[in-house]
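Here's the structure we're looking at; comments come further down.
The values are calculated or read from the model by the stated rules, or taken from the named source; none is laboratory data. If you're wondering where the values come from, they're calculated on a predicted model, not measured in any experiment. As a convention, Cβ positions derive from the backbone with ideal geometry for all residues, glycine included, and neighbour counts pool all protein chains shown. The protein model used for the area step is the full one, side chains on, heavy atoms only, and it has no ligands, DNA or RNA in it. Shrake-Rupley method; radii C 1.70, N 1.55, O 1.52, S 1.80 Å.
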Amino acid sequence: MNKRFDKRILLTGGCGFIGSHLVKLLVNKYPNYLIVNVDKLTYCGNLDNLKDIENNENYIFIKEDICNFDKISKIFKEYDINGVIHLAAESHVDNSIKDPFIFVKTNVLGTVTLLQAAKEYWLETKNKYENKMFYHVSTDEVYGALEMDETKTEQPYGNTFFKETDKYFPHSPYSASKASSDHFVRAYHDTYGLPIVISNCSNNYGGYQYPEKLIPLIFYNIVNEKPLPIYGKGENVRDWLYVEDHTRAIDLIFHKGKIGETYNIGGFNEWKNIDIVKLMINILDENLGKPKGYSEKLITYVEDRAGHDLRYAIDSSKLQNELGWKPLVNFEEGIRRTLQWYLENMEWLYNIKNKKK
């Protein structure tokens, strides 16, 4: 069965936000690929995200913990896996501050488990590492924080950007766990010759994002007229990337990226948190038939997060120049698409909120 597929890709975390978008892209675009989605279905994994492709012949879902070496090794052998795209991770910074251990287990031990299983299985095959690829999806947060230029009132809000050659300066348990996993991926390439690529992406947004994140959280609270919690003064800056632009980049890097290289994926699209919230208020108040600015009264400034990095901004010129990728969706178009998706999928959102209780 498996041999009729040109690629047999083990994709981890495929029931999450970015993962589900990527699974659907690959399953629909490559009928000659078998996509094996391995997800533990923790609180932010949702099988409903993949209902429209769950019965496709080139798609398989397996509920499993990526830290279980024996089970992961069995999956490699059973499906003759020749590619890995590793997205599974604990990713919410607030949760990492409360409980760093689960981040170390999933993000570090889970990554090493996958690396070791891939290395052992591929070295047993006839062609060893030939036509194999281990793709590790990481974050811009491993680089630390960038300085703000206080004289700038519009983007970019500083003169420096994260480059692939920058040193790592993680400031939260989450970013430290991702930095550690990046180091292990590179170590397996340098020590064992494992064919790897890494990408570090900026903040993603779009449909199916778990409502602990800024945009779906603010959407939910505006619709339900609940307080809109903003850390500090809302001056923190992030580089925002529409999720479908991100998955296009992953697809391109997996197929065309140079082994051993790192590629930064960003939107050249910096926004202060408070400006995003006000933009959402303007759009949603109009869509919900409320007076302009009605929901601004809900803005509530809360104590800043511990170790909260002030600014992130990605330089993705390497990806653009070497592989020809560029973001296609500007932020205002993307945010309107995203808010419309949530308006049309309120049941999905309420099901998640109810499950949390």
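Screening TYR294 with (1) at pLDDT 95 or above; (2) within 30 Å of ASN46 (Cα to Cα) gives one miss only, at (2). Scanning the stretch 293-323 for residues that are open to solvent by 40 Å² or more (accessible area, probe 1.4 Å) and farther than 30 Å from LEU252 by Cα yields TYR294, GLU296, LYS297, THR300, TYR301, VAL302, GLU303, ASP304, ARG305, ALA306, GLY307, LEU310.
Of all residues being in contact with a Pro (Cβ under 6 Å, 6 or more places away or on another chain) and modelled with pLDDT of 95 or more in the stretch 213-269, which is surrounded by the fewest Cβ atoms within 10 Å (Cβ to Cβ)? Just the residue, please. Let's see the steps before the verdict.
So in the stretch 213-269, the residues in contact with a Pro (Cβ under 6 Å, 6 or more places away or on another chain) come out as 217, 220, 245, 259, 267.
Still in the list and also modelled with pLDDT of 95 or more: 217, 220, 245, 259.
Values: LEU217: 16, TYR220: 18, ASP245: 21, ILE259: 14.
This residue is ILE259.
Each residue in the stretch 70-81 was checked for being outside any helix (DSSP H, G or I) and open to solvent by less than 20 Å² (accessible area, probe 1.4 Å), and 1 pass.
Can you give me the number of residues within the stretch 281-312 that are part of a loop (DSSP other than H, G, I, E, B) and over 30 Å from PHE162 (Cβ atoms)? Step through it out loud before you land on a result.
The initial filter retains those residues of the stretch 281-312 that are part of a loop (DSSP other than H, G, I, E, B), namely 288-293, 303-310, 312.
Restricting the remaining residues to those that are over 30 Å from PHE162 (Cβ atoms) gives 288-293.
So the count comes out to 6.
Apart from one condition, ARG4 fits all of (1) within 15 Å of GLU78 (Cα to Cα); (2) open to solvent by 10 Å² or more (accessible area, probe 1.4 Å); (3) touching a strand residue (DSSP E or B) at 6+ places or on another chain (Cβ under 6 Å); the exception is (3). Taking the numbered list (1) farther than 22 Å from ASN264 by Cα; (2) surrounded by 22 or more Cβ atoms within 10 Å (Cβ to Cβ) in turn, LYS126 passes all entries but (2). In the stretch 45-58, the condition of being touching a Ser or Thr at 6+ places or on another chain (Cβ under 7 Å) and either outside any helix (DSSP H, G or I) or more than 14 Å from LEU87 (Cβ to Cβ) (or both) is met by no residue. For the stretch 3-26, the set of residues classified as out of contact with any helix residue (DSSP H, G or I) (no Cβ under 9 Å at 6 or more places or on another chain) and assigned to a helix (DSSP H, G or I) consists of LYS3, ARG4, listed by residue number. Every listed requirement among (1) open to solvent by 70 Å² or more (accessible area, probe 1.4 Å); (2) in a loop (DSSP other than H, G, I, E, B); (3) of a type outside the set (A, V, I, L, M) is met by PRO170 save one, (1).
Can you tell me which of LYS98, LYS105 is open to solvent by 10 Å² or more (accessible area, probe 1.4 Å) and either free of Cβ contacts under 8 Å to residues at least 12 places away in the same chain or within 25 Å of SER317 (Cβ to Cβ) (or both)?
On inspection, the qualifying residue turns out to be LYS98.
Can you tell me which residues in the stretch 28-62 are surrounded by 21 or more Cβ atoms within 10 Å (Cβ to Cβ) and either of a type in the set (D, E, K, R) or more than 25 Å from GLU347 (Cα to Cα) (or both)? The answer is LEU34, ILE35, VAL36, VAL38, ASP39, TYR59.
Which of the residues that make up the stretch 85-134 are among the aliphatic types (A, V, I, L, M) and within 17 Å of THR42 (Cα to Cα)? Show your work before the answer.
First, pick out the residues of the stretch 85-134 that are among the aliphatic types (A, V, I, L, M): 85, 87-89, 93, 97, 102, 104, 108-109, 112, 114-115, 117-118, 123, 133.
Of everything in the stretch 85-134, those that are among the aliphatic types (A, V, I, L, M) and within 17 Å of THR42 (Cα to Cα) turn out to be LEU87, ALA88, ALA89, VAL93, ILE102, VAL104, VAL108, LEU109.
Put simply, of LYS119, LYS152, LYS178, LYS128 the only residue that is at pLDDT 95 or above and part of a loop (DSSP other than H, G, I, E, B) is LYS128.
Residues that are assigned to a strand (DSSP E or B), in contact with an Asp or Glu (Cβ under 6 Å, 6 or more places away or on another chain) and either more than 19 Å from LEU87 (Cβ to Cβ) or among the charged types (D, E, K, R) (or both) within the stretch 211-266 comprise TYR231, VAL237, ASP239, listed in sequence order.
Residues in the stretch 291-306 that are touching a helix residue (DSSP H, G or I) at 6+ places or on another chain (Cβ under 8 Å) and either touching a residue at least 24 places away in the same chain (Cβ under 8 Å) or of a type in the set (Lys, Arg) (or both) were compared, and the one that is nearest to SER172 (Cα to Cα) is ALA306. Tallying residues that are in contact (Cβ under 8 Å) with a residue 12 or more places away in the chain, open to solvent by 50 Å² or more (accessible area, probe 1.4 Å) and assigned to a helix (DSSP H, G or I) within the stretch 329-339 yields 3.
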